Amino acid sequence: MTAVSTLIVLAGVAALVDWVAVGTSNNRLQYAAKPAVLALLVAAAALIPATHSDLGARRGWFVAALVCCLVGDVLLMLPQNLFIPGLVAFLAGHGFFIVGLLQPAATPTTPPFTFSATGLTLSAVVVLAVECLPGYTIVRSLHRHGQSSLIGPVCLYMAAILTMVVLAANVGRPAAAVGAVCFLASDTLLATDRFVRPLRQGTLLVHVTYHLAQVLLVVSLIR
């Protein structure tokens with residue numbers, strides 16, 4: 001686990017460097033630091049020993065999801081308008097996260113897999129209640145600003161991440177639940193800043209919540 005812990009710490013350091021780069025508008029530093037965070041987390045997740053995780057199947061899906069997020073990071077930070085390709089990359093990532101969250105523990109005696117109808121229903125109600133207004137505001141803004149062609153892809157993406165949050169809240173791993181919520185917060189802030197109105201320190205808030213999300217999702221794999 002030393003290598004995994006080291007990689008996670010290095011990812012945290014890279015995230016801090018990225019936040020400084022965003023805060024100081026240092027694009028060159030950001031171009032190096034932001035992909036480094038996900039690259040280190042991909043390596044960390046892939047190297048988690050079987051003896052320190054009962055989630056071998058989930059780990060593989062999470063690694064695939066993190067790779068997709070890394071691709072999305074690169075596409076969205078480039079000066080070209082690659083929002084749709086970036087959105088597709090992150091959508092694929094959420095799909096992999098969802099499949100990963102559906103994987104049961106290898107040993108039934110240590111279940112992180114605690115789905116129940118009541119739990120799923122309650123978490124879905126809470127998530128929808130919280131995200132309903134921001135989601136409506138984003139869709140309305142897209143329509144008002146003549147970007148109706150983005151409404152379908154954005155709604156599909158929102159459905160995917162909401163599904164991920166609901167599932168993560170029901171797998172018995174607090175780190176997964178908090179990580180998914182941070183991911184939802186990051187994406188909501190990003191969409192609001194991009195489509196509704198500029199937020200003060202919006203980009204920095206997006207990066208901070210996003211990196212916290214990814215670190216926690218990787219940590220959720222460790223027993």
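Values in this text are rule-based calculations from the coordinates and carry no lab data. Worth saying up front: this structure is predicted, and the values here are computed from it rather than measured. As a convention, Cβ positions derive from the backbone with ideal geometry for all residues, glycine included, and neighbour counts pool all protein chains shown.
Annotations for the structure displayed:
- ³J(HN,Hα) computed for each position of segment 64-78 - Karplus, 6.51 cos²θ - 1.76 cosθ + 1.60, integer Hz, glycine/proline x: 4, 5, 5, 4, 4, 5, 4, 4, x, 4, 5, 5, 6, 8, 6
- Over segment 2-219 - Rg/Rh using Cα atoms and the Kirkwood inverse-distance radius: 0.97
- Label-to-label distance, nm, for residues given as Thr2 and His52 (7 Å Cα→Cβ offset): 1.1
- Rh (Kirkwood; distinct C-alpha pairs) - segment 45-136, Å: 15.4
- Nearest-0.05 FRET efficiency for Ala175 and Val13, computed from C-beta distance (R0 25 Å): 0.80
- Virtual paramagnetic centre 7 Å along Cα→Cβ of Val20, amide N under 17 Å, in segment 196-223: 204, 208
- Top positive-direction residue, dipole computed over the chain with Cβ charges, set Ala117, Val206, Pro49: Val206
- Neighbours of Ile222 by Cβ distance under 15 Å: Lys/Arg scored +1, Asp/Glu scored -1, total +3.
- Cβ-based net charge around Leu190, under 14 Å, with every Lys or Arg adding one and every Asp or Glu removing one: -1
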